[in-house]
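Notes to accompany the following structure.
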Amino acid sequence: MRRTVIAGNWKMNMTPAQTKSFITELAPMVAGQDKCDIVLCVPYVDIATAVEAAKGTNIHIGAENVHFAESGAYTGEISAKMLCEIGTEYVIVGHSERRQYFGETDATVNLRTKAALAAGLKVILCLGEVKDERLAGITNEVVSMQTKLDLAGISAEELKNVIIAYEPVWAIGTGLTATPEQADETCGVIRETVAALYGRDAAEEITIQYGGSMNDANAAELLAQPNIDGGLIGGASLVAKKFTAIVDAAQ
Ligand code: PEP
């Protein structure tokens with residue numbers, strides 16, 4: 001059975017002090033929830049505080065990006081080894097905001113994914129179509145191509161540490177949500193692509209999240225879809241009550 005994973009993406013929000021008080025508030029609210037894995041992906045400077053605050057709880061900590069080189073002249077970047085050493089377990093790779101504002105391509109997403117996996121991190125690999133691609137009726141082709149390019153050269157063994165987050169770009173931070181049927185259908189296309197690449201068992205095992213304005217009001221319906229195994233949550237992950245309600249919906 002594949003695991004349901006509810007992950008928050010804080011983006012560029014929360015200072016270390018806010019991180020400590022948020023996790024102190026959240027931990028008792030989600031304590032005992034064991035039907036899903038709970039992850040908070042936080043800004044780099046918050047990770048050490050988050051790891052410390054989450055000790056002894058069921059909350060796992062992730063980063064929001066990682067560089068593909070082990071070390072070297074990459075001013076401003078952070079390596080997988082650095083993340084591991086401070087207790088990071090997960091990392092988001094290929095978020096649409098990285099693709100849109102910071103020039104990420106499927107090639108660099110693939111490199112970052114490989115570097116993260118080699119260091120022992122679990123990867124939340126984001127992909128999804130933009131609005132024009134959905135309107136043009138090429139969503140399935142786009143997500144299938146991204147899946148193939150982003151996973152190129154990754155072994156079946158490594159794939160066990162990959163979660164795919166299907167995030168239609170037009171639904172991120174916009175308040176627009178894919179309908180449960182749309183989200184399920186596209187997650188199904190991604191699963192079939194994984195099946196073609198790695199076989200049926202791997203496709204049935206991989207966790208595929210939906211992300212895009214998931215919140216306390218719509219989570220239950222989205223998470224009830226057969227191909228949706230969790231959520232990557234932006235805005236609603238910044239409010240402990242809302243994030244807890246999404247975790248509860250995953251039970
Ligand atoms: C995200 O940042 O991955 C995301 C889905 O954001 P939001 O939930 O705010 O749409």
Do we find that ILE154 is at pLDDT 95 or above and out of contact with any Lys or Arg (no Cβ under 7 Å at 6 or more places or on another chain) in this structure? no
Might you check whether a residue that is at pLDDT 95 or above and at positive phi occurs anywhere in region 128-143? yes
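Residue by residue, here is whether (1) without any contact (Cβ under 8 Å) to a residue 24 or more places away in the chain; (2) within 16 Å of the ligand (Cβ to nearest atom); (3) part of a strand (DSSP E or B) holds:
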residue	(1), (2), (3)
LEU149	no, no, no
THR174	no, yes, no
THR177	no, yes, no
ARG191	no, no, no
ASP201	yes, no, no
SER237	no, yes, no
LYS242	no, yes, no
(1) within 23 Å of ILE172 (Cβ to Cβ); (2) surrounded by fewer than 23 Cβ atoms within 10 Å (Cβ to Cβ); (3) in contact with a helix residue (DSSP H, G or I) (Cβ under 6 Å, 6 or more places away or on another chain) all hold for VAL42 apart from (2)
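Of the residues that sit in region 203-235 and are charged (D, E, K, R) and either surrounded by 19 or more Cβ atoms within 10 Å (Cβ to Cβ) or under 30 Å from LEU149 (Cα atoms) (or both), which one is farthest from the ligand (Cβ to nearest atom)?
GLU204
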Within region 160-174, is there a residue that is surrounded by fewer than 17 Cβ atoms within 10 Å (Cβ to Cβ) and over 17 Å from the mean Cα position of the chain (by Cα)? yes
If a residue has to be of a type in the set (D, E, K, R) and without any contact (Cβ under 8 Å) to a residue 40 or more places away in the chain to count, how many in region 209-229 make the cut? 1
Given the conditions (1) touching a residue at least 24 places away in the same chain (Cβ under 8 Å); (2) out of contact with any strand residue (DSSP E or B) (no Cβ under 6 Å at 6 or more places or on another chain); (3) among the charged types (D, E, K, R); (4) not in a helix (DSSP H, G or I), and given that GLU104 satisfies all but one, which numbered condition is not satisfied? (1)
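The values are calculated or read from the model by the stated rules, or taken from the named source; none is laboratory data. The structure presented is a predicted model; accordingly, all values stated were derived computationally and were not measured. Using ideal geometry, Cβ is built from the backbone for each residue, glycine included, and neighbour counts are taken over all protein chains shown.
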